[in-house]
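Take a look at the structure below.
The values are calculated or read from the model by the stated rules, or taken from the named source; none is laboratory data. Please read these numbers as outputs of a predicted model, since none were measured by experiment. Reconstructed Cβ throughout: ideal geometry from the backbone, glycine too, with neighbour counts over all protein chains shown. In case anyone asks, the SASA skips ligands and DNA or RNA and just uses the protein heavy atoms, side chains included. Shrake-Rupley method; radii C 1.70, N 1.55, O 1.52, S 1.80 Å.
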Amino acid sequence: MIPFKSPLFLKDQISATELPCHDNLLIIDRAVAKNMSPEFLRAFPFVYLVDAGENLKSLEQFPQNLSEILQVWKTNISRDHTIIALGGGSVGDFAGFVASVLKRGVKLIHIPSTWLAAIDSAHGGKTALNVQGHKNQIGTFYPAEKIYIFKDLLFQQPSERALDGLGEMVKMALMDTPPFISDLGDAVEESSENILWRYLEKAIAGKYKIVLQDPYETEGLRKLLNLGHTMGHALEVHYALPHGQAVTQGLFFALAWSRERAGFAEDDYEKILKVFAQLNLKSQIQENSFRPLSKETLKEFLLKDKKIDGSSLIDFIFLRAPGQAVRQKVSAEEIVAEAARQGWCQ
Ligand code: GLY
C-alpha cells in the first residue's frame, strides 16, 4: 500500500522534465490544456482530454470513458505504469478512481490546477464517482505516489477562484492550532493568491495531520474535515455556488451555532469574524444578498443524503475553540431549526 502522505513537490513553473511522461497517460482538463505550452503537451505520448465537472464522475458514463482511455493509451499497460492527473477536484477524483482499478491499480501522480484541489482534494487519497446524480457514492482510497504543485498553474486561474480556495484555507486554519487563523488575517495587504500560496503547505500539513490518524475515516476523526460542509453542501447544490464559497457560508453557519452547542467563546467568535472580513469573506446573510431556502427543501436535502447511508442522524462538525473541531450527532430537524433562527431558511 502506498503511504497516505504523498511526497509533495512545490515548484514555481510547470515543466514536464521531472514527470515520468514516457509510456504513461496524462489525463488533463481540456480547458487547462488550452493554456499549456505545446512543448508540455508534446512531452506526453498519451493524452486523454476530459471536460471537468460532475458529469465526468458519473458511474453511468464510466464504461465509455474507460474504453476511450484504453483506446488512447496504446501500450501494454502494467501496474508499473502511471496516470498523471492534471486538473481540479473532479479530474483528480475521476483519474484517481481509474488509476485505482485499472490493472488492479496503476501508479498515480496528481497535479492540481485549482486552489481547492491543491489545498484539499489532491491529498489524502479519496477517489470518487457519482451514482444517479448522488455525489461520491463509489470510490476508493488511493493516495497518489507523488503530488506536484506548480505556482504558475495555480495563478493562471481567474482571480475569483481564489475566493474558493480561501474558504477551504480558512477551514484548515480554524482546525489547526492557533495562530494560523490570525496569521491569515494579518496577511491582508497581500493578494488572495499570494496568501493562498504562502500558507498552502501549512494547510496541507494540517490535512495530513488528521488524515494520517484516520486514513480510512473509520475513527470519525477524518470527518472533522467536513467543518462547514453540511450547510455548505446544501447551498452549493441549491444555488450552484462554487464549492469553496459554499464552504465559507457553511462556516458562518457552523461557527454561529458552535457558540451554543459546543461552548465556542464569544470573543473567539468575534475575532474569527474579523479575520473573515479582513480576507473579504462575507456572510451572504449579513450582506442581505441571500434568498433563504425553504425549511422543507433543506430538510429534504439533509435527509436525502442520509437515506443513502441508512441512518437518520447527521454528523455535524462544531468548533469548540480554534484548533478544536468536534463531531456531534444532530437531527435534520435541529439543523433546520437553527438555520431558520440564523436566517438561512424560512
Ligand atoms: N476532503 C475531505 C477528506 O479528504 O477527507
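A few comments on the model shown:
- Scanning the range 153-166 for residues that are part of a helix (DSSP H, G or I) and not aromatic (Phe, Trp, Tyr), we see that the one that is surrounded by the fewest Cβ atoms within 10 Å (Cβ to Cβ) is Leu163.
- Filter result for the condition that a residue is over 28 Å from Val131 (Cα atoms), in contact with a Pro (Cβ under 8 Å, 6 or more places away or on another chain) and exposed (fewer than 15 other Cβ atoms within 10 Å of the Cβ), over Gln286, Gln346: Gln346
- Residue within the range 208-222 that is crowded, with 23+ Cβ neighbours inside 10 Å, charged (D, E, K, R) and either on the phi < 0 side of the Ramachandran plot or more than 15 Å from the ligand (Cβ to nearest atom) (or both) present: no
- Residue within the range 311-318 that is surrounded by fewer than 13 Cβ atoms within 10 Å (Cβ to Cβ) and touching a residue at least 12 places away in the same chain (Cβ under 8 Å) present: yes
- Only one of Ala128, Ala85 that is within 16 Å of the ligand (Cβ to nearest atom) and closer than 19 Å to Tyr216 by Cα: Ala128
- The requirement of being hydrophobic (A, V, I, L, M, F, W, C), in a helix (DSSP H, G or I), open to solvent by less than 10 Å² (accessible area, probe 1.4 Å) and away from the ligand (no atom under 16 Å from the Cβ) is satisfied by Leu235.
- Of the residues making up the range 65-121, those that are under 20 Å from the mean Cα position of the chain (by Cα), open to solvent by 10 Å² or more (accessible area, probe 1.4 Å) and among the hydrophobic types (A, V, I, L, M, F, W, C) are Phe97, Leu116.
- Some residue of the range 188-195 being out of contact with any helix residue (DSSP H, G or I) (no Cβ under 6 Å at 6 or more places or on another chain) and touching a residue at least 60 places away in the same chain (Cβ under 8 Å): yes
- A Cβ distance below 9 Å, combined with a sequence gap of six or more or placement on separate chains, defines the contacts here; from the range 198-216, residues that are without any contact (Cβ under 8 Å) to a residue 40 or more places away in the chain and over 14 Å from Leu184 (Cβ atoms) reach residues that are within 11 Å of the ligand (Cβ to nearest atom) and of a type outside the set (A, V, I, L, M, F, W, C) in the pairs Ile210/Gly124; Ile210/Arg222; Gln213/Arg222; Asp214/Arg222; Asp214/Lys223.
- Single residue of the range 93-125 satisfying the filter (more than 16 Å from the ligand (Cβ to nearest atom) and among the charged types (D, E, K, R)) that is farthest from Leu225 (Cα to Cα): Lys103
- Condition met for Thr82 (modelled with pLDDT of 95 or more, of a type in the set (Ser, Thr, Tyr) and in contact with a Pro (Cβ under 7 Å, 6 or more places away or on another chain)): yes
- Number of residues in the range 223-232 that are within 18 Å of Asp164 (Cα to Cα) and within 11 Å of the ligand (Cβ to nearest atom): the value is 4.
- Each residue in the range 34-48 was checked for being among the aliphatic types (A, V, I, L, M) and open to solvent by less than 30 Å² (accessible area, probe 1.4 Å), and 1 pass.
- The set of residues from the range 167-205 being part of a helix (DSSP H, G or I), under 25 Å from Ser113 (Cβ atoms) and open to solvent by 10 Å² or more (accessible area, probe 1.4 Å) comprises Met175, Ser192, Glu193, Asn194, Trp197, Arg198, Tyr199, Glu201, Lys202, Ala205.
- Residue match in the range 276-290 (condition: in a helix (DSSP H, G or I) and either within 16 Å of the ligand (Cβ to nearest atom) or touching a Leu at 6+ places or on another chain (Cβ under 7 Å) (or both)): no
- Qualifying residue in the range 323-331 (condition: exposed (fewer than 15 other Cβ atoms within 10 Å of the Cβ), assigned to a loop (DSSP other than H, G, I, E, B) and not aromatic (Phe, Trp, Tyr)): no
- Of all residues in the range 131-147 being in contact with a strand residue (DSSP E or B) (Cβ under 8 Å, 6 or more places away or on another chain) and more than 15 Å from the ligand (Cβ to nearest atom), the one that is least open to solvent (accessible area, probe 1.4 Å): Val131
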